[in-house]
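Reading through the C-alpha coordinates given below for one structure.
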Amino acid sequence: MTYRSPVTGRPLVADTPHSLAAVGERWPVVDGIPYLRTDSEGLVAVALDHLDAGCPDDALVALLTDQDAWWTGLATDLGELKQLVRERDTLTLRAAMGLLRMGPVADYFAHRWSDPTYLAGLALVEAHWRQPGTALELACGIGHYLRELSARGVACVGADVVFSKCWLAKHWVAPAAEYVVFDAVALWPVETQTFDLVACHDAFYFLPDQPRIAGLLREAVAPGGVLAVSHLHNAAVSGGAMGPARAAAEWATLFPDAVVYDERELRRALLAGDAPASTRWSDDPAIEAWSIVETDGGTARDLTGGLAMPAANAVLQPNPLLDGETPHWPSDRYRAEYGEAATWLADSGDAARNRRVLDLPARW
(Lines give C-alpha, C1' and ligand atoms only; values in the text may rest on other atoms or scores of the structure.)
Protein backbone atom coordinates (compact mmCIF):
# COMPACT_ATOMS: atom_id res chain seq x y z
CA MET A 1 0.00 0.00 0.00
CA THR A 2 1.34 3.43 -0.95
CA TYR A 3 0.42 6.34 1.29
CA ARG A 4 0.55 10.07 0.71
CA SER A 5 1.19 12.89 3.13
CA PRO A 6 -1.97 14.07 4.94
CA VAL A 7 -0.40 17.56 4.91
CA THR A 8 1.00 18.03 1.41
CA GLY A 9 -0.26 15.04 -0.59
CA ARG A 10 3.29 14.04 -1.49
CA PRO A 11 4.08 10.31 -1.69
CA LEU A 12 5.45 8.90 1.56
CA VAL A 13 8.36 6.47 1.39
CA ALA A 14 9.93 4.35 4.11
CA ASP A 15 13.07 6.07 5.37
CA THR A 16 13.46 3.49 8.17
CA PRO A 17 11.61 0.24 8.99
CA HIS A 18 9.50 2.25 11.44
CA SER A 19 8.77 5.51 9.63
CA LEU A 20 7.46 7.11 6.44
CA ALA A 21 8.79 10.39 5.10
CA ALA A 22 8.51 13.08 2.46
CA VAL A 23 10.45 16.32 2.12
CA GLY A 24 10.19 18.17 5.43
CA GLU A 25 8.00 15.63 7.24
CA ARG A 26 8.20 12.23 8.90
CA TRP A 27 5.57 9.90 10.37
CA PRO A 28 5.78 6.87 12.70
CA VAL A 29 4.78 3.33 11.79
CA VAL A 30 4.06 1.36 14.96
CA ASP A 31 3.29 -2.36 14.85
CA GLY A 32 2.92 -1.98 11.11
CA ILE A 33 0.29 0.79 11.39
CA PRO A 34 1.14 4.22 9.93
CA TYR A 35 0.11 7.02 12.30
CA LEU A 36 -0.78 10.03 10.12
CA ARG A 37 -2.89 12.29 12.35
CA THR A 38 -2.32 15.91 11.44
CA ASP A 39 -3.56 17.37 14.73
CA SER A 40 -1.22 15.26 16.89
CA GLU A 41 2.23 16.66 16.08
CA GLY A 42 3.44 16.21 19.65
CA LEU A 43 2.48 12.55 19.78
CA VAL A 44 4.04 11.99 16.36
CA ALA A 45 7.32 13.42 17.66
CA VAL A 46 7.22 11.34 20.86
CA ALA A 47 6.56 8.13 18.95
CA LEU A 48 9.37 8.84 16.48
CA ASP A 49 11.81 9.58 19.31
CA HIS A 50 11.02 6.22 20.94
CA LEU A 51 11.26 4.35 17.65
CA ASP A 52 14.56 5.97 16.69
CA ALA A 53 15.93 5.08 20.13
CA GLY A 54 15.06 1.41 19.58
CA CYS A 55 12.11 1.41 22.00
CA PRO A 56 9.09 0.34 19.93
CA ASP A 57 7.03 -0.70 22.95
CA ASP A 58 7.38 2.81 24.40
CA ALA A 59 6.17 4.24 21.10
CA LEU A 60 3.25 1.85 21.19
CA VAL A 61 2.30 2.90 24.72
CA ALA A 62 2.43 6.55 23.64
CA LEU A 63 0.05 6.02 20.71
CA LEU A 64 -2.33 3.92 22.81
CA THR A 65 -3.02 7.04 24.91
CA ASP A 66 -4.58 8.80 21.92
CA GLN A 67 -8.31 9.35 21.51
CA ASP A 68 -10.74 11.15 19.21
CA ALA A 69 -12.24 14.58 19.85
CA TRP A 70 -15.57 13.09 20.98
CA TRP A 71 -14.15 10.96 23.81
CA THR A 72 -15.62 11.78 27.22
CA GLY A 73 -14.58 8.64 29.11
CA LEU A 74 -11.68 7.97 31.44
CA ALA A 75 -8.12 8.80 30.46
CA THR A 76 -5.78 5.85 30.00
CA ASP A 77 -3.34 4.82 32.73
CA LEU A 78 0.31 4.36 31.75
CA GLY A 79 0.77 1.40 34.07
CA GLU A 80 -2.22 -0.38 32.56
CA LEU A 81 -1.04 0.39 29.03
CA LYS A 82 2.40 -1.04 29.79
CA GLN A 83 0.70 -4.19 31.11
CA LEU A 84 -1.38 -4.37 27.93
CA VAL A 85 1.70 -4.12 25.71
CA ARG A 86 3.64 -6.60 27.84
CA GLU A 87 0.83 -9.19 27.85
CA ARG A 88 -0.67 -8.54 24.41
CA ASP A 89 -0.03 -12.08 23.18
CA THR A 90 -2.12 -13.70 25.93
CA LEU A 91 -4.85 -11.22 26.89
CA THR A 92 -8.40 -11.53 25.64
CA LEU A 93 -9.92 -8.75 23.56
CA ARG A 94 -12.17 -7.81 26.47
CA ALA A 95 -9.24 -7.61 28.87
CA ALA A 96 -7.33 -5.47 26.38
CA MET A 97 -10.24 -3.05 26.07
CA GLY A 98 -10.48 -2.94 29.85
CA LEU A 99 -6.85 -1.88 30.13
CA LEU A 100 -7.54 0.78 27.51
CA ARG A 101 -10.40 2.03 29.72
CA MET A 102 -12.86 2.00 26.84
CA GLY A 103 -15.90 1.84 29.14
CA PRO A 104 -19.27 1.57 27.34
CA VAL A 105 -17.46 1.47 23.99
CA ALA A 106 -15.94 -1.84 25.09
CA ASP A 107 -19.46 -3.27 25.62
CA TYR A 108 -20.38 -2.10 22.14
CA PHE A 109 -17.31 -3.65 20.52
CA ALA A 110 -17.39 -6.88 22.55
CA HIS A 111 -20.99 -7.64 21.59
CA ARG A 112 -21.24 -6.02 18.18
CA TRP A 113 -21.24 -9.45 16.52
CA SER A 114 -25.00 -9.69 17.21
CA ASP A 115 -26.16 -6.10 17.59
CA PRO A 116 -28.94 -5.08 15.17
CA THR A 117 -27.01 -2.19 13.65
CA TYR A 118 -24.11 -4.48 12.72
CA LEU A 119 -26.42 -7.09 11.19
CA ALA A 120 -28.12 -4.44 9.09
CA GLY A 121 -24.69 -3.36 7.79
CA LEU A 122 -23.77 -6.93 6.86
CA ALA A 123 -27.11 -7.34 5.08
CA LEU A 124 -26.58 -4.06 3.20
CA VAL A 125 -23.21 -5.12 1.79
CA GLU A 126 -24.32 -8.67 1.01
CA ALA A 127 -27.43 -7.44 -0.82
CA HIS A 128 -25.17 -5.56 -3.25
CA TRP A 129 -22.21 -7.95 -3.26
CA ARG A 130 -20.06 -7.85 -6.41
CA GLN A 131 -17.17 -10.10 -5.45
CA PRO A 132 -14.89 -7.22 -4.47
CA GLY A 133 -11.17 -7.80 -4.58
CA THR A 134 -10.37 -4.75 -2.48
CA ALA A 135 -12.16 -2.77 0.23
CA LEU A 136 -11.66 0.39 2.26
CA GLU A 137 -13.57 1.00 5.49
CA LEU A 138 -13.48 4.49 6.97
CA ALA A 139 -13.96 4.62 10.77
CA CYS A 140 -13.32 0.87 10.89
CA GLY A 141 -13.32 0.61 14.69
CA ILE A 142 -11.80 -2.70 15.80
CA GLY A 143 -12.41 -4.43 12.48
CA HIS A 144 -15.70 -6.36 12.76
CA TYR A 145 -16.61 -5.91 9.09
CA LEU A 146 -12.99 -6.27 7.96
CA ARG A 147 -12.87 -9.68 9.63
CA GLU A 148 -15.81 -10.91 7.57
CA LEU A 149 -14.48 -9.41 4.35
CA SER A 150 -10.96 -10.80 4.90
CA ALA A 151 -12.40 -14.27 5.54
CA ARG A 152 -13.83 -14.10 2.02
CA GLY A 153 -10.57 -13.18 0.35
CA VAL A 154 -11.03 -9.41 0.13
CA ALA A 155 -7.84 -7.33 0.52
CA CYS A 156 -8.90 -4.74 3.09
CA VAL A 157 -7.66 -1.40 4.36
CA GLY A 158 -9.13 -0.19 7.62
CA ALA A 159 -8.86 3.50 8.52
CA ASP A 160 -9.68 5.15 11.82
CA VAL A 161 -8.70 8.27 13.73
CA VAL A 162 -7.91 6.28 16.90
CA PHE A 163 -4.73 4.21 16.87
CA SER A 164 -5.82 1.83 19.64
CA LYS A 165 -8.86 0.71 17.64
CA CYS A 166 -6.77 -0.18 14.60
CA TRP A 167 -4.26 -1.91 16.88
CA LEU A 168 -6.98 -4.01 18.53
CA ALA A 169 -8.30 -4.91 15.08
CA LYS A 170 -4.86 -5.99 13.87
CA HIS A 171 -4.05 -8.15 16.88
CA TRP A 172 -7.41 -9.58 17.96
CA VAL A 173 -10.06 -9.26 15.26
CA ALA A 174 -8.92 -8.91 11.63
CA PRO A 175 -5.16 -9.45 11.34
CA ALA A 176 -5.23 -9.98 7.57
CA ALA A 177 -6.30 -6.38 6.92
CA GLU A 178 -4.01 -3.39 6.58
CA TYR A 179 -4.56 -0.36 8.82
CA VAL A 180 -3.82 3.36 8.72
CA VAL A 181 -4.62 6.11 11.22
CA PHE A 182 -5.59 9.54 9.90
CA ASP A 183 -8.05 12.41 10.32
CA ALA A 184 -10.95 12.30 7.86
CA VAL A 185 -10.96 16.11 7.68
CA ALA A 186 -7.32 16.22 6.48
CA LEU A 187 -5.96 15.04 3.15
CA TRP A 188 -6.59 11.31 2.87
CA PRO A 189 -3.38 9.25 2.64
CA VAL A 190 -5.26 6.83 0.35
CA GLU A 191 -6.89 9.54 -1.78
CA THR A 192 -5.24 8.53 -5.06
CA GLN A 193 -6.32 4.88 -4.80
CA THR A 194 -9.67 3.27 -5.49
CA PHE A 195 -11.39 0.18 -4.09
CA ASP A 196 -14.11 -2.21 -5.24
CA LEU A 197 -15.99 -1.68 -1.98
CA VAL A 198 -15.88 1.50 0.09
CA ALA A 199 -17.78 1.54 3.38
CA CYS A 200 -18.48 3.58 6.47
CA HIS A 201 -20.58 1.72 9.02
CA ASP A 202 -22.32 3.21 12.05
CA ALA A 203 -19.99 6.20 12.06
CA PHE A 204 -20.71 8.66 9.25
CA TYR A 205 -23.29 10.57 11.29
CA PHE A 206 -20.70 11.90 13.73
CA LEU A 207 -17.98 12.77 11.18
CA PRO A 208 -17.24 16.47 10.57
CA ASP A 209 -17.60 18.14 7.16
CA GLN A 210 -19.95 15.44 5.93
CA PRO A 211 -20.45 16.82 2.38
CA ARG A 212 -16.69 16.69 1.74
CA ILE A 213 -16.30 13.23 3.29
CA ALA A 214 -19.23 11.86 1.30
CA GLY A 215 -17.49 13.11 -1.83
CA LEU A 216 -14.17 11.54 -0.86
CA LEU A 217 -15.84 8.20 -0.13
CA ARG A 218 -17.51 8.36 -3.53
CA GLU A 219 -14.22 9.18 -5.28
CA ALA A 220 -12.55 6.17 -3.63
CA VAL A 221 -14.92 3.72 -5.37
CA ALA A 222 -13.40 1.95 -8.37
CA PRO A 223 -15.40 1.68 -11.61
CA GLY A 224 -18.13 -0.92 -11.10
CA GLY A 225 -17.69 -0.78 -7.34
CA VAL A 226 -20.04 -0.09 -4.44
CA LEU A 227 -20.25 2.57 -1.76
CA ALA A 228 -22.04 1.40 1.40
CA VAL A 229 -22.89 3.72 4.30
CA SER A 230 -24.92 2.29 7.15
CA HIS A 231 -26.84 3.70 10.11
CA LEU A 232 -27.71 7.28 9.19
CA HIS A 233 -29.83 8.56 12.07
CA ASN A 234 -33.30 9.97 11.36
CA ALA A 235 -33.86 13.29 13.14
CA ALA A 236 -37.62 12.68 13.05
CA VAL A 237 -37.58 9.31 14.85
CA SER A 238 -40.06 8.95 17.68
CA GLY A 239 -38.38 9.43 21.04
CA GLY A 240 -35.31 11.11 19.57
CA ALA A 241 -32.27 9.82 17.73
CA MET A 242 -29.53 7.89 19.57
CA GLY A 243 -26.83 10.14 18.13
CA PRO A 244 -26.24 13.04 15.72
CA ALA A 245 -29.04 13.01 13.15
CA ARG A 246 -30.33 14.75 10.03
CA ALA A 247 -33.73 15.17 8.46
CA ALA A 248 -34.47 12.98 5.45
CA ALA A 249 -34.11 15.88 3.03
CA GLU A 250 -30.62 16.63 4.34
CA TRP A 251 -29.47 13.04 3.91
CA ALA A 252 -30.99 13.05 0.43
CA THR A 253 -28.86 16.07 -0.45
CA LEU A 254 -25.71 14.26 0.68
CA PHE A 255 -26.60 11.00 -1.10
CA PRO A 256 -28.92 12.01 -3.98
CA ASP A 257 -28.29 8.90 -6.11
CA ALA A 258 -28.38 6.33 -3.33
CA VAL A 259 -30.47 3.20 -2.98
CA VAL A 260 -32.03 3.73 0.46
CA TYR A 261 -33.03 1.11 3.05
CA ASP A 262 -34.84 1.23 6.36
CA GLU A 263 -32.58 -0.83 8.62
CA ARG A 264 -35.55 -2.82 9.90
CA GLU A 265 -36.01 -4.12 6.36
CA LEU A 266 -32.38 -5.17 6.11
CA ARG A 267 -32.71 -7.23 9.30
CA ARG A 268 -35.98 -8.72 8.12
CA ALA A 269 -34.36 -9.81 4.86
CA LEU A 270 -31.41 -11.32 6.70
CA LEU A 271 -33.69 -13.42 8.90
CA ALA A 272 -35.89 -14.44 5.96
CA GLY A 273 -33.06 -15.07 3.51
CA ASP A 274 -34.61 -12.97 0.77
CA ALA A 275 -33.81 -9.60 -0.84
CA PRO A 276 -34.40 -6.34 1.04
CA ALA A 277 -36.79 -3.82 -0.49
CA SER A 278 -35.52 -0.27 -0.82
CA THR A 279 -37.48 2.74 0.36
CA ARG A 280 -37.52 6.51 -0.01
CA TRP A 281 -36.16 9.19 2.24
CA SER A 282 -39.00 10.36 4.48
CA ASP A 283 -39.58 11.86 7.90
CA ASP A 284 -41.32 8.70 9.09
CA PRO A 285 -40.99 8.69 12.92
CA ALA A 286 -40.90 4.87 12.93
CA ILE A 287 -37.56 4.78 11.07
CA GLU A 288 -34.62 4.90 13.45
CA ALA A 289 -31.92 4.90 10.78
CA TRP A 290 -31.29 4.40 7.09
CA SER A 291 -28.53 2.60 5.23
CA ILE A 292 -27.54 3.40 1.66
CA VAL A 293 -25.55 2.08 -1.25
CA GLU A 294 -24.40 3.83 -4.39
CA THR A 295 -23.82 1.55 -7.37
CA ASP A 296 -23.89 1.83 -11.14
CA GLY A 297 -26.94 -0.41 -11.39
CA GLY A 298 -28.13 -3.82 -10.33
CA THR A 299 -30.76 -4.93 -7.86
CA ALA A 300 -30.53 -6.32 -4.35
CA ARG A 301 -29.83 -10.05 -4.11
CA ASP A 302 -31.28 -12.63 -1.76
CA LEU A 303 -29.45 -12.90 1.56
CA THR A 304 -29.07 -16.66 1.41
CA GLY A 305 -25.45 -16.73 2.59
CA GLY A 306 -22.30 -14.78 1.87
CA LEU A 307 -21.30 -11.94 4.16
CA ALA A 308 -24.60 -12.03 6.04
CA MET A 309 -23.86 -15.51 7.40
CA PRO A 310 -20.83 -16.94 9.25
CA ALA A 311 -17.99 -18.11 7.03
CA ALA A 312 -18.03 -21.76 6.02
CA ASN A 313 -15.20 -22.71 8.38
CA ALA A 314 -16.52 -20.74 11.34
CA VAL A 315 -16.61 -22.38 14.77
CA LEU A 316 -19.90 -21.24 16.29
CA GLN A 317 -20.55 -20.86 19.99
CA PRO A 318 -23.47 -19.62 22.09
CA ASN A 319 -24.04 -15.88 22.13
CA PRO A 320 -22.53 -14.72 25.45
CA LEU A 321 -25.45 -12.31 25.89
CA LEU A 322 -27.67 -15.35 26.49
CA ASP A 323 -27.66 -17.29 29.74
CA GLY A 324 -29.77 -20.21 28.61
CA GLU A 325 -32.88 -18.36 27.50
CA THR A 326 -32.28 -15.31 29.69
CA PRO A 327 -30.70 -12.16 28.21
CA HIS A 328 -27.60 -10.99 30.04
CA TRP A 329 -27.23 -7.30 29.15
CA PRO A 330 -23.79 -5.71 29.66
CA SER A 331 -25.46 -2.46 30.77
CA ASP A 332 -28.80 -0.69 30.90
CA ARG A 333 -27.49 1.64 28.21
CA TYR A 334 -26.76 -1.27 25.89
CA ARG A 335 -30.20 -2.75 26.50
CA ALA A 336 -31.91 0.58 25.81
CA GLU A 337 -30.07 1.04 22.51
CA TYR A 338 -30.17 -2.49 21.10
CA GLY A 339 -32.63 -4.58 23.10
CA GLU A 340 -35.82 -3.85 21.19
CA ALA A 341 -34.38 -4.91 17.82
CA ALA A 342 -32.13 -7.75 19.00
CA THR A 343 -32.71 -10.73 16.69
CA TRP A 344 -31.15 -13.25 19.09
CA LEU A 345 -34.00 -12.85 21.59
CA ALA A 346 -36.14 -15.07 19.34
CA ASP A 347 -35.71 -18.78 20.06
CA SER A 348 -37.02 -19.83 16.64
CA GLY A 349 -35.43 -19.82 13.20
CA ASP A 350 -31.85 -20.50 12.21
CA ALA A 351 -29.57 -19.89 15.20
CA ALA A 352 -26.72 -18.59 13.04
CA ARG A 353 -29.02 -16.19 11.20
CA ASN A 354 -30.53 -14.68 14.32
CA ARG A 355 -27.13 -14.78 16.09
CA ARG A 356 -28.01 -17.04 18.98
CA VAL A 357 -24.72 -18.65 18.01
CA LEU A 358 -21.71 -16.59 16.93
CA ASP A 359 -18.34 -16.81 15.22
CA LEU A 360 -16.24 -14.98 17.83
CA PRO A 361 -12.49 -14.23 17.55
CA ALA A 362 -10.20 -16.83 19.10
CA ARG A 363 -9.25 -14.54 21.99
CA TRP A 364 -12.61 -12.85 22.45
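The values are calculated or read from the model by the stated rules, or taken from the named source; none is laboratory data. Everything numeric here is computed off the predicted structure, so don't read it as measured data. Note: ideal-geometry Cβ built from the backbone for every residue, glycine included; neighbour counts use all protein chains shown. SASA here: full protein model, heavy atoms, side chains in, ligands and nucleic acids out. Shrake-Rupley method; radii C 1.70, N 1.55, O 1.52, S 1.80 Å.
Enumerate by residue number the chymotrypsin sites (Phe, Trp or Tyr not before Pro) in region 21-75 meeting two conditions: DSSP loop (anything except H, G, I, E, B), and at most 15 other Cβ atoms within 10 Å of the site's Cβ.
Those satisfying the criteria are W70, W71.
Using amide H atoms built in the peptide plane, which far-off residues or other-chain residues are under 5 Å from V260 H to H?
T279
About the Cα centre of the chain, how large is the charge dipole given +1 on each Lys and Arg Cβ and -1 on each Asp and Glu Cβ? Please answer in debye to the nearest 20.
Dipole about the Cα centre, nearest 20: 440 debye.
What FRET efficiency comes out for the pair A186/D347, r = Cβ-Cβ distance, R0 = 45 Å, nearest 0.05?
Between A186 and D347 the formula returns 0.40.
Among DSSP bridges having both ends in the chain, what percentage is antiparallel? Round to the nearest 5.
Antiparallel: roughly 55 percent of the beta bridges in the chain.
For region 316-359, would you read off the P(r) tail past 18 Å as a percentage of all alpha carbon pairs?
In whole percent, the long-distance tail amounts to 21.
By how many nm would the segment from W329 to D57 lengthen if fully extended, with 0.36 nm per residue of separation less the alpha-carbon distance?
94.4 nm
Once the dipole of region 58-178 is set up with Lys and Arg at +1 and Asp and Glu at -1 on Cβ about the Cα centre, which of W129, A62, A177 lies farthest towards its positive end?
Of W129, A62, A177, it is W129.
In region 252-328, what GluC sites (Glu not before Pro) fall in a loop by DSSP, with at most 13 other Cβ atoms inside 10 Å?
E325
Mean residue ellipticity at 222 nm from the helices of the chain, using -39,500 (n - 2.57) per DSSP H segment of n ≥ 4 over the full residue count, to the nearest 500 deg cm²/dmol?
-8000 deg cm²/dmol
Considering the convex hull of the alpha carbon atoms of region 1-66, report its projected area averaged over all viewing directions, in nm², one decimal.
4.1
Ranked from highest to lowest mean number of other Cβ atoms within 10 Å per residue, what is the order of the peptides 75-87, 137-149?
137-149, 75-87
Hey, can you find the accessible area per residue of the chain for me, probe 1.4 Å, expressed in square angstrom?
Averaged over the residues of the chain, the accessible area is 41 Å².
Under a plain spin-label model, where a point goes 7 Å from the Cα along Cα-to-Cβ, how far apart in nm are M1 and E41?
My value for the distance between the label points is 2.6 nm.
Dividing the convex hull volume of the alpha carbon atoms of the chain by its residue count, what do you get in Å³ per residue?
Taking only Cα atoms, the chain has a hull volume of 133 Å³ per residue.
Amide H to amide H under 5 Å from L358: which residues, 5+ apart in sequence or cross-chain, H placed 1.01 Å off N in plane?
Here Q317, N319 satisfy the definition.
In region 1-66, carbon and sulfur make up what percent of the accessible area (probe 1.4 Å)?
Carbon and sulfur atoms account for 56 percent of the accessible area of region 1-66.
I'd like the FRET efficiency for R101 and T279, computed as 1/(1 + (r/R0)^6) with the beta carbon distance as r and R0 of 30 Å, rounded to 0.05.
The calculated FRET efficiency here is 0.15.
Explain nothing, just compute: Karplus ³J(HN,Hα) = 6.51 cos²θ - 1.76 cosθ + 1.60, θ = phi - 60°, for every residue of region 58-67 in order, whole Hz, x for Gly and Pro.
Working through the residues one at a time gives 5, 5, 4, 4, 4, 6, 5, 7, 6, 9 Hz.
If I compute solvent accessible area with a 1.4 Å probe over the protein chains, what percent of it on region 143-224 is carbon and sulfur?
54
For region 217-364, list log₁₀ I(q)/I(0) at each q in 0.10, 0.16 Å⁻¹, using the Debye formula over Cα point scatterers of equal strength and ignoring solvent, two decimals each.
Log10 of I(q)/I(0), two decimals: -0.44, -1.06.
Quick one: if the Förster radius is 25 Å, what FRET efficiency do E87 and D49 give, using the C-beta to C-beta distance and rounding to 0.05?
0.50
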